[in-house]
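Engineer: Dumping the structure here so I can ask a few things about it.
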Amino acid sequence: MKIAFIRYPDYLYKSEKVIKGGSEVANQQIIDALRSSGVEVVEFAPESQERFELASVPAIGTPLMFQDLYKKIDEINSCDLVVTTNWFGMIIPEIKVPLVVIFHSNSKSLARSIDIKNITDKENLKKWLDRAKEFGLGLESKQGIHEQIIAIEEEYYCKNADHVVAVSEALRESLIEDYQIAKERITAINNPYDADWEGVEIKKDFSSKLEVVALTRLPGDLNGFVWKSADRIAEVFSNLKNVKTTIVAGVGKANYRDFFIKFVPDAQLVENADHGQVASILSKANIALLMSRWEACQMTLIESMTMGVIPISFRVGVAEEAIEDGVNGFLVESIDEALSVVDMLDKDRELAAKISANARKSAKEKFNTNYIGEEYKSLFEEIINKSRF
């Protein structure tokens, strides 16, 4: 079996023109898992320097950049199956072999989650947006237009792809509802954790001051600020007591450093950390606060649990699949509830250590790279076999 896997150009990450998100980290784990199970994976990405510049054009730039792959259409069609990702917006009708689209998001669902009329903690959001403007954060951008166009591309995929993979059951249900995709044409397969992290030494200490982390990506525009809940992070971390606090965030060039220095001075801010740095931080941390208003299958949650960090998460994305409330983590409905859980764990270290161990054990079972690689391999074999008859 030979798979063509469409990737985002690594150049744009290395040049810091784009912040690498969880979907690209997950795609790499999927590729590694497929290769370890004996599948030949050929990676394709745009190569034209002129096309790279299109990535900065809102909404239509990325789809136009991926038209660069047309020049490799014969090589792509020599594979048994093509895999791409929903947010690339890559529409190349000349692809003649089965096309599988991995959905790491749903633009319609995301838009609903950040619509002000659907936000329950409006007062907290308003307070922190007002404070953020001083630092050029939380300002209006064209991201909303971008999401609308991505939704059109997502609808195209749902109608024309041979199969769709949703990275969580919650995402699968939302795609069925928003794009009326037939249930037999969409499968939920979670993202795996990084197999290399198996060798990272876990250094948990539940006898001294607990370390609480927020691990996220924080775009500077209004949509990103609301989506990734910079306001919730600021509110929670400014109210934490008697714990060590660290905010690990991919921020690009957004000025979150001065924002957090002013309003959360006791927290250490680690900006744009690489994957190895993240693993090192999580190996020592005790609790992870996952505050987003919308996610699909958040790598931050999976990675935290894999490293034995106790997740405290709102009910988004894969959280309800991954977390058994009070056993291997906590599901919360409010900032106050999240703060109460941290306080409770601080007072009961024996319970905290037990939940930490449960989180690591369950994550290694559910999000194991080899297990998820086999799920993909079986699905791809089934699709290829059907296409031959």
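Engineer: Can we say Glu43 is farther than 19 Å from Glu154 by Cα and surrounded by fewer than 18 Cβ atoms within 10 Å (Cβ to Cβ)? Show your work before the answer.
Structural biologist: On the way: farther than 19 Å from Glu154 by Cα: yes; surrounded by fewer than 18 Cβ atoms within 10 Å (Cβ to Cβ): yes.
Spelling it out, Glu43 is indeed farther than 19 Å from Glu154 by Cα and surrounded by fewer than 18 Cβ atoms within 10 Å (Cβ to Cβ).
Engineer: Could you look through region 1-31, keep only residues that are among the basic types (Lys, Arg) and surrounded by 16 or more Cβ atoms within 10 Å (Cβ to Cβ), and pick out the one that is farthest from Ala254 (Cα to Cα)? Break it down into steps so the answer makes sense when it comes.
Structural biologist: From region 1-31, those among the basic types (Lys, Arg) are 2, 7, 14, 17, 20; that's our starting set.
With surrounded by 16 or more Cβ atoms within 10 Å (Cβ to Cβ) added as a condition, the list becomes 7, 20.
Numbers: Arg7: 25, Lys20: 14 Å.
This residue is Arg7.
Engineer: Ser356 - would you say it is surrounded by 19 or more Cβ atoms within 10 Å (Cβ to Cβ), over 24 Å from Lys122 (Cα atoms) and out of contact with any helix residue (DSSP H, G or I) (no Cβ under 9 Å at 6 or more places or on another chain)? Quick ask: steps written out before the conclusion?
Structural biologist: Numbers: surrounded by 19 or more Cβ atoms within 10 Å (Cβ to Cβ): yes; over 24 Å from Lys122 (Cα atoms): yes; out of contact with any helix residue (DSSP H, G or I) (no Cβ under 9 Å at 6 or more places or on another chain): yes.
The answer is yes for Ser356.
Engineer: Tell me the helices (runs of 4 or more DSSP H) entirely within region 112-198 that contain at least 2 residues that are over 17 Å from the mean Cα position of the chain (by Cα) and within 30 Å of Met305 (Cα to Cα). So that I can check it myself, show each step before the final result.
Structural biologist: Details: elements: 122-132, 143-160, 169-179.
Qualifying helices (runs of 4 or more DSSP H): 122-132, 169-179.
Engineer: Does Val327 fit the bill of being assigned to a loop (DSSP other than H, G, I, E, B) and surrounded by fewer than 15 Cβ atoms within 10 Å (Cβ to Cβ)?
Structural biologist: Values: assigned to a loop (DSSP other than H, G, I, E, B): yes; surrounded by fewer than 15 Cβ atoms within 10 Å (Cβ to Cβ): yes.
So Val327 fits the description; yes.
Engineer: Search region 1-19 for residues that are more than 16 Å from Val39 (Cβ to Cβ) and pair each with any residue that is in a loop (DSSP other than H, G, I, E, B) and among the basic types (Lys, Arg) when their beta-carbon atoms are under 6 Å apart and the residues are at least 6 apart or on different chains.
Structural biologist: Tyr13/Lys20
Engineer: Now, a different point. Tell me which residues, restricted to region 286-329, are on the phi > 0 side of the Ramachandran plot and either in contact with a Cys (Cβ under 9 Å, 6 or more places away or on another chain) or basic (Lys, Arg) (or both). Write out each step before concluding.
Structural biologist: First, pick out the residues of region 286-329 that are on the phi > 0 side of the Ramachandran plot: 308, 317, 326, 329.
Once the filter is applied, which keeps residues that are on the phi > 0 side of the Ramachandran plot and either in contact with a Cys (Cβ under 9 Å, 6 or more places away or on another chain) or basic (Lys, Arg) (or both), region 286-329 yields only Gly317.
Engineer: Continuing with this model, one more query. What residue, of Asn118, Asn124, is over 28 Å from Gln28 (Cα atoms), buried (at least 17 other Cβ atoms within 10 Å of the Cβ), among the polar types (S, T, N, Q) and modelled with pLDDT of 95 or more? Quick ask: steps written out before the conclusion?
Structural biologist: Details: Asn118 fails: buried (at least 17 other Cβ atoms within 10 Å of the Cβ).
Testing whether each residue is over 28 Å from Gln28 (Cα atoms), buried (at least 17 other Cβ atoms within 10 Å of the Cβ), among the polar types (S, T, N, Q) and modelled with pLDDT of 95 or more leaves just Asn124.
Per-residue answers, yes or no, for (1) part of a helix (DSSP H, G or I); (2) modelled with pLDDT under 95; (3) under 25 Å from Gln29 (Cβ atoms); (4) of a type outside the set (S, T, N, Q):
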| site | (1), (2), (3), (4) |
| --- | --- |
| Val270 | no, no, yes, yes |
| Gly276 | yes, yes, yes, yes |
| Ser283 | yes, no, yes, no |
| Ser292 | no, no, yes, no |
| Glu295 | no, no, yes, yes |
| Ile302 | yes, no, yes, yes |
| Val316 | no, no, yes, yes |
| Val342 | yes, no, no, yes |
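Engineer: Next question. On the basis of being outside the structural domain of Ala59 (by TED's automatic domain parsing), surrounded by 23 or more Cβ atoms within 10 Å (Cβ to Cβ), in a strand (DSSP E or B) and within 23 Å of the chain's Cα centre (by Cα), does Val212 make the cut? Can you show your working first?
Structural biologist: On the way: outside the structural domain of Ala59 (by TED's automatic domain parsing): yes; surrounded by 23 or more Cβ atoms within 10 Å (Cβ to Cβ): yes; in a strand (DSSP E or B): yes; within 23 Å of the chain's Cα centre (by Cα): yes.
So Val212 fits the description; yes.
Engineer: Could you run through region 157-180 and say how many residues are surrounded by 21 or more Cβ atoms within 10 Å (Cβ to Cβ), over 30 Å from Ser280 (Cβ atoms) and β-branched (Val, Ile, Thr)?
Structural biologist: 2
Engineer: Still on this structure, I have one more. Go through region 60-95 and report how many residues are more than 21 Å from Ser15 (Cβ to Cβ) and either outside the structural domain of Ile150 (by TED's automatic domain parsing) or touching a Lys or Arg at 6+ places or on another chain (Cβ under 7 Å) (or both).
Structural biologist: Number of matching residues: 3.
The values are calculated or read from the model by the stated rules, or taken from the named source; none is laboratory data. Being a predicted model, the structure only gives us computed values, none of them experimental. As a convention, Cβ positions derive from the backbone with ideal geometry for all residues, glycine included, and neighbour counts pool all protein chains shown.
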